[in-house]
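Notes follow the structure.
The values are calculated or read from the model by the stated rules, or taken from the named source; none is laboratory data. Predicted model, so just to flag it, every value in this text is computed and none were measured. Here the Cβ is made from the backbone with ideal geometry for all residues, glycine too, and neighbour counts use every protein chain on show.
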Amino acid sequence: MTDLKSLIQTSYPSMTKKEKKIADYLLKHSEKAKNKSISEIAAACGVVESTVFLFAKKIGLSGFKELTVLLANSLKGFLFEGIDEDDDYLSITKKVIESNIHSLRNTSKFIDLEQLKGAVELLNSSEKTVFFALGGSTPIALDAYHKFLRTPLNVEFNLEYHMQLLRAGKLTDNACAFIVSHSGENPDIIRITDILQKNKVPIIAITSFTNTSLAKVATYTFISTTEELKYKDAGIYTRRLAQMLLVDILFTLVMIAEGDSSIPYLEKLQEAIYSTK
């Protein structure tokens, strides 16, 4: 079962102001909220009951009843303990590790097997796969490009934004675009996405939020949940391991799907690596 925190996080950017009031209330007052009725939660948030019901639907639940079940069961240990000034190295290390472990577990709960199958089939059937990413997402796309070079797939990646724009403009529906974007709303990434759409290029996306501009147009979308450790009211986000997990899963499935044909590529890669020693 996906926990309520992750459902709220992945939908938060697309929520209305009133829905965000409910989300913030549930995040901050989970213990109180789990024993309240829909009318009591509505009153506490200054909204009508129907808004609470629509909020439950917005995050993918059937209604308020399912919301109360998640409140009762999955909000235990809801928020990670923040990092304090008095924490020693061991305490900080444990908190960072636990935060990343929780992010990986929640990301795994969002994985749709049908989406995985479709994405792997798309990757294996495309004439070319081009990776797109900017800013903090660039290292993830670079890691993905490095991994998929080991496969029989024809892959490309360029770090420079304008080169990515030009590459998007030359792709056709026989290719595949692989986009990594935390927000799914970066204006430059959306500009690339618009070009890909015009060219009818199928898109595989790794992002942290549902109902964003990127998630809405992607052929296959994979959600990497984001955890937050608090330090002096500032958030320290942990998401890269979750994004890399999704890359690793897709890479492994592609390699297995290719069967024996992938072995020569691995052998050639090893030869190339050994030659540099």
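Pick from the range 185-195 the residues that are free of Cβ contacts under 8 Å to residues at least 60 places away in the same chain and of a type outside the set (S, T, Y): which of them is surrounded by the fewest Cβ atoms within 10 Å (Cβ to Cβ)?
Ranking the qualifying residues of the range 185-195, first place goes to P187.
Looking at the range 186-195, is at least one residue modelled with pLDDT of 95 or more and over 20 Å from E160 (Cα atoms)?
Checking the range 186-195: not a single residue is modelled with pLDDT of 95 or more and over 20 Å from E160 (Cα atoms).
Exactly one condition in (1) touching a Leu at 6+ places or on another chain (Cβ under 9 Å); (2) surrounded by 19 or more Cβ atoms within 10 Å (Cβ to Cβ) is false for V96; which is it?
(2)
Tell me, please, whether a residue that is modelled with pLDDT under 95 and either more than 22 Å from Q115 (Cα to Cα) or part of a strand (DSSP E or B) (or both) can be found in the range 172-183.
Looking for residues that are modelled with pLDDT under 95 and either more than 22 Å from Q115 (Cα to Cα) or part of a strand (DSSP E or B) (or both), one finds none in the range 172-183, hence no.
Would it be correct to say that S103 is at pLDDT below 80, farther than 22 Å from A257 by Cβ and within 23 Å of the chain's Cα centre (by Cα)?
So S103 does not fit the description; no.
Scan the range 157-184 and report the pairs whose first residue is on the phi > 0 side of the Ramachandran plot and whose second residue is part of a strand (DSSP E or B) and not aromatic (F, W, Y), with Cβ atoms within less than 7 Å and a gap of 6+ or a chain change.
G184/T207
Could you check E40 against (1) free of Cβ contacts under 8 Å to residues at least 24 places away in the same chain; (2) under 23 Å from the mean Cα position of the chain (by Cα) and say which number it fails?
(2)
If you take the residues in the range 202-242 that are under 11 Å from the mean Cα position of the chain (by Cα) and farther than 27 Å from F55 by Cβ, which one is modelled with the highest pLDDT? Full working, then the answer.
Keep residues of the range 202-242 that are under 11 Å from the mean Cα position of the chain (by Cα), which gives 205-210, 215, 221-226, 239-242.
Next cut, farther than 27 Å from F55 by Cβ only: 240-241.
Details: R240: 86, L241: 89.
The residue in question is L241.
Considering only residues of the range 140-155 that are surrounded by fewer than 16 Cβ atoms within 10 Å (Cβ to Cβ) and either under 21 Å from R191 (Cβ atoms) or among the aliphatic types (A, V, I, L, M) (or both), which is nearest to the chain's Cα centre (by Cα)?
Only one residue fits best here, namely L142.
Looking only at the range 99-127, count every residue that is crowded, with 16+ Cβ neighbours inside 10 Å and among the basic types (K, R) and tell me the total.
So the count comes out to 0.
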